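Below is one structure, written out as structure tokens; the observations come after it.
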Amino acid sequence: MSGDTSATHYVAPIKDGTIAVDVVKIAEKPSNLWRDAWADMRRRPMFWISMVIVLVVLLMALWPTLFTQTPPNSNCQLSDSNGGPAAGHPLGFTFQGCDIYARTVWGARTSVSVGLIATIIGSVIGLIMGALAGFYGGWLDGLLSRVGDIFFSIPYILAAVVVMSVFAQFRNVFTLAFAIGGFAWASTARVVRAEVLRVRQADFVMASRALGKSRFGTLIAHVIPNAIAPLLVVTTLSLAAAIVAEATLSFLGVGLGSDTMSWGNDISQAQQSLRVAPMALIYPSIALTITVLAFIMLGELVRDALDPRARARR
Amino acid sequence: MSASTDTPLLRIRDLKVAFDTQKGSREVLHGINLELYPGETLAIVGESGSGKSTTASAIVNLLPGTGHVTAGSITLDGQELTGLTEGQMEKIRGREIGYVPQDPMSNLNPVWSIGFQVKEAIRANGLATGRKEIEARAVEVLQQAGLADASKRLHQYPHQFSGGMRQRALIGIGLAADPKLLIADEPTSALDVTVQRVILDHLASLTKEKGTSVLLITHDLGLAAERAEKIIVMQNGEIVEAGPSREILENPLHPYTKKLVAAAPSIASQRIQAVHERQGIETSEDIAGIPPTVSVRDLTKDYKIRQGQFRSIPFRAVDAVSFDIPKGKTLALVGESGSGKSTVAKMVLKLEDVTSGSIAIDGVDISSLSGRETLALRRRMQPVFQDPYGSMDPLRNIGNTISEPLDIHGVGDKGSRQERVLELLDQVSLPRELATRYPNELSGGQRQRVAIARALALKPDIVVLDEAVSALDVLVQDQILKLLAELQSELDLTYLFITHDLAVVRVAADLVCVMEKGKLVEQGTVDEIFANPQQEYTERLLQAIPGVSIALGGRSA
Amino acid sequence: MVGYILKRLLQVIPVFIGATLLIYFLVFAMPGDPIAALFGDKQPSKQLHDALVAQYHLDQPFIVQYWYYLTGIFRGDMGTTFSGRSVNDVLAATLPVTGRLAVMAIGIEFTLAIIIGTFSALRKGKIFDNTMLVISLIFISLPIFVIAFLAQYFLAVKLQWFSPTVGATNDWGDMWLPAIVLGLSLYAVSMRLMRGSVIDTLNQDWVRTAYSKGLPRRRVIPVHVLRNSLIPVITNSATNFGVLLVGATVTEGIFNIPGVGNTLFQAIRQHEGSTVVSFVTVFVIIYVLVNLVVDMLYGLLDPRIRYVR
């Protein structure tokens, strides 16, 4: 479309009668942050792959007998020690003659339960501390942030080491989960606090107060729902971290008892026969890595879906 | 500059620009033609999305993201610019074409000193060599741009400068190499109004002196007419009208241009003032008979600003402000940033505590109210805020947002609330289907209409509008102001209107209070203030309205 | 800037006291005999038992105990290990070793993270970027002891490029394999952070303004993009240091490096509670100090902190 604008006064051909201002365009389907995020995730194959892996692992944790009939602990015969794959024992035998496949399957239960409980503890504490500190500010923020800093300055695995060393008599899933979650909440709290601070500035929070809603009511109804998105990402990634933490602690010898089946324990015990029979170490490692990978991929996908800036980074 | 005035310095022919999206290529400029002659200033005017900034970026090949030129030609002094390699373009940028961007804060790298960023421009364009020479030239550049203490300023960082000073530095950088063409993309939109005028005056004198051609991008038609000899009006990636500034303002031919001329506050304000002066000015005596709905006396607000770890100094944001708003009228609180106007609004809304002074609504002092009485008060007084993108909970649909006040105050049952929501949507001219939609599906103007609907839900008497139209495009702003005027007369509403734009005050308000640094400088009816400002600050604000020097009748320089 | 430094120093003190108090509390304020807990399943002789009670002042109220402990730390007396050696002696011997390992690992981590992160960001969405993202995802998911074992098995035992353990000769050159393992375990997070930071910076307005001045790409990227992008990566390295400490413990244990981490590793394995507590405290002190140093560094890098308006 050209027009000679070097002429004194140029006017473009007028198309139709009135010039409409600010026309409302209604899209096919309603869209908000969560709907858009779901539509985005649904389309990505990585999402489905991760979900499948997670579901398989969860099934293994809840009903191990679905995957293997071989008892993982009671049928170990030293004569089979370090043996290769045989009929009914697809992955071979450990140093003590136990079936690697069975132990790997049963190991899922420990890892998942510790991971889940530790994450729930950490996320709940983190959410409460972070939200209160971010929303109310002032001395409460100062106090809670200081407490958070103190817990933050002890790397949570080391803290769990201390706790488990001291509470050696109470080596069970709950103690371990508390040891991990009870210290890991500090980083969750920081993330929640930052997001709550950001949301708190928004005009709709001020509008809610001007309408007559109480401060606490505004926190629950408006601030927290809008601050949840990063919490979701952090929780998913925390789950992965907690599973790794359990494995690391078991590897160090301060996880659950050495006769408990856990991937970390298996890897630790397989260390001594590494040169002779590496498979006893490799298979639980693969199981551990794939599980953690699935959760981390999910966490990243959720983050990409919820954060428009992250989408720009893809 | 020796080029004859017959050949254009910059010539754009049939320029088309497109962006690559997931759904294919999307054309945003559909064939632009323009000519800029040496020493001339040409303004491109348009609302957001018109393509004015895209055109400017295309000239220096700095289109954002996936933008690229798909057709057409851009020639500078006979040299074709489209199709140049990056290396060739680098030589043109800075040396032949200077660029002044819009937002002075985000356009300077915060970790390097101002001097560093000026010097690298000088070095890159071969203006000086050797440390001493470059340093001297840098000082010269900043001095020319109007910065005092230039040699000391070189070592300072962007965050230590004020907004106006940063913009001067950017202008200095843009003109450092004496380019033939300077592209100024909304160079003063992010600055206070009085600072705007000073900087634009300075820019005009610099470019006159050097004979630089200027391509000025702006959304303000008044500013364009004042600063440029020729205006091009763009809409939706096309040029709709072009010609000498005077011509466009006095005789717009295209319907879009006509709408712009009618709606642009800076121009409209001149016209309205002219009309009112002819008809007779409304003075304070005329209004004195109406009972005040909002009565503010000696309102003061002190904040404590933390200095270092332990000390805190008191900061007086609002200093003994008093005014009355008669029932059914609109009072505008106008001032630049830091004047305290928003703080006054928040105190009236009881969102901030009062340090001293009183606020009375219909004669009742609001600080003496109990919790339940305050809740009842809130039914009568509602806000509309500035940021259309932040004033609504993005997770609630429109219907829930509008009905929230009804929920909080327990008005009616579910059925009647739904009815009221639909009624309100009608009142603000929005389709009823929007009740189940979410804020992110709407434009800025549409969201403000939802905010207005929410404010009206409880049938209040008073509406506090805190910069409610400042973030909107000109035509949308005009629409919203008309809607507000309609609603005011229909529902007998009293408005407290906060704004930094004196031109909008002329268009929208009956009374005005001018604030500066927390103090009330002058107040009166809008007619009075515009015709006879008493205080120097008021006079400066009036002079700063773009286009004021164009005699359209009424105020002239 | 001085104000900033003072503020940070003042903040460190309560955190430091709080952290050491917390650890102390976990051990000594719990019900039951803390000495028995520290000994685990071993039984101390009455002599040793009483000596420890005296050393830890267990006959006094908890706060007094903690006071003795805290003043002890400031005096430089960190107590004794299980075997009777003073913690200070052990530290003197092992800290330099761990220091070398840490420096090498961090060097590897940052070099890889910055280079690969930057190139990934500049080639966003292309093959190089996607490949590097997948590889980093795998490294994030692999627990460090898995990386260590795999490296030990494939690179040392099978390919024999390195020796599988380090042992007594622990000079710079001998620690390549464990340093690579430790560095790789940290690299993935830093690389992604750098990548994200560069991508964000590339979108900033001042980058476009830099180009508009006529600056070439080879100047704009290092001066106006990288310098700004590094800031979040460096501040993150403070938190990452905690991961390094845990990683060092595991790595030194697996590769048999006589460093601080290994001492802790052995103590954990052998259920030597008091040693564990002492050395975790050492790690916490180091962590808090490193955080402080990184904060100072951040103050230097960002002029907005250095010169308050």
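Where a number appears in this text, it was derived from the coordinates with a stated rule and is not lab data. What you are looking at is a predicted structure, and each value in this text was computed from that prediction instead of being measured. Using ideal geometry, Cβ is built from the backbone for each residue, glycine included, and neighbour counts are taken over all protein chains shown.
Couple of notes before you dig in:
- Each principal axis of the Cα cloud of region C:161-302 was evaluated for its coordinate range; sorted largest first, these ranges are 65, 36, 21 Å.
- Förster-model FRET efficiency, 45 Å R0, B:S284 and B:H159, C-beta, rounded to 0.05: 0.55
- For region B:114-172, the relative contact order works out to 40 percent when only alpha carbon pairs closer than 8 Å and six or more residues apart are counted.
- C-alpha long axis of helix C:127-141 to longest principal axis of chain C, angle in °: 10 degrees
- Taking amide H as placed 1.01 Å from N in the peptide plane, B:Y303 has its amide H under 5 Å from the amide H of B:F315, B:R316, B:A317, each at least 5 places away in sequence or on another chain.
- Solution diffusion estimate, µm²/s, Stokes-Einstein, region C:180-245, Kirkwood Rh from C-alpha pairs, 20 °C, viscosity 1.002 mPa s: 164 µm²/s
- Computed log₁₀ I(q)/I(0) - Debye formula, equal Cα scatterers, no solvent, chain B, q 0.10, 0.11, 0.12 Å⁻¹: -0.95, -1.12, -1.26
- Degrees separating the helix B:114-124 axis from the principal Cα axis of chain B, which is the longest one: 30 degrees
- Sorted from greatest to least, the principal axis extents spanned by the alpha carbons of region B:1-89 come out as 48, 33, 18 Å.
- Computed over every Cα-Cα pair of the protein assembly as shown and binned at 20 Å starting from 0, the pair-distance distribution P(r) comes out as 10, 33, 34, 19, 5, 0 percent.
- You can think of it this way: the chain between C:R75 and C:I305 has 79.4 nm of extra reach, that is 0.36 nm per residue less the Cα-Cα gap.
- DSSP beta bridges fully contained in the protein assembly as shown are about 60 percent antiparallel.
- Computed over chain B, relative contact order equals 15 percent, with contacts defined as Cα pairs under 8 Å that lie 6+ residues apart.
- Compactness relative to 2.2 N^0.38 Å, alpha carbon Rg of region B:184-240: 1.18
- The share of Cα pairs per 10 Å bin across chain C, counted from zero up to the longest distance, runs 5, 21, 26, 23, 15, 6, 2, 0, 0 percent.
- Its alpha carbons give region B:349-395 an Rg and a Dmax of 13.4, 39 Å.
- Spin-label pair B:E536-B:N440: with each label point 7 Å from Cα along the Cα-Cβ axis, the two points sit 5.1 nm from one another.
- Centre separation in Å (Cα based) which lies between region B:76-139 and region A:50-81: 67 Å
- Shielding by partners - mean other protein chain Cβ count within 10 Å, residues of B:115-123: 3
- Ranked by the mean number of other Cβ atoms within 10 Å of their residues, highest first, the peptides B:391-403, B:422-434, B:188-200 fall in the order B:391-403, B:188-200, B:422-434.
- Axis of helix C:87-122 versus longest Cα principal axis of chain C: the two differ by about 20°, to the nearest ten degrees.
- 10 Å Cβ neighbours from other chains, averaged over peptide A:297-304: 1
- Region B:157-220 and region C:174-249 have Cα centres lying 35 Å from one another.
- Its residues counted as N, chain A yields a C-alpha radius of gyration over 2.2 N^0.38 Å of 1.38.
- Other residues whose C-beta falls under 12 angstrom from the C-beta of A:Y136 contribute a net charge of +2, scoring Lys and Arg +1 and Asp and Glu -1.
- Peptides C:189-197, B:438-446, B:503-511 ranked from most to least packed by the mean count of surrounding Cβ atoms within 10 Å: B:503-511, C:189-197, B:438-446.
- Peptide-level mean, for B:258-265, of C-beta atoms on other protein chains within 10 Å: 1
- Efficiency of FRET between A:I220 and B:D407 - r from beta-carbon atoms, R0 22 angstrom, step 0.05: 0.95
- Dividing the summed helix terms, -39500 (n - 2.57) for each DSSP H run of n ≥ 4, by the number of residues in the protein assembly as shown produces a 222 nm estimate of -17500 deg cm²/dmol to the nearest 500.
- Scattering curve values for region B:223-338, log₁₀ I(q)/I(0), Debye with Cα scatterers, q = 0.09 Å⁻¹: -0.54
- Exceeding the 30 Å Cα-Cα cut-off - candidates A:K25/B:K23; B:K119/B:K341; A:K29/B:K16; B:K132/C:K7; B:K459/B:K517: B:K119/B:K341; A:K29/B:K16; B:K132/C:K7; B:K459/B:K517
- Normalised radius of gyration (Cα atoms, divided by 2.2 N^0.38 Å) for region B:106-218: 1.01.
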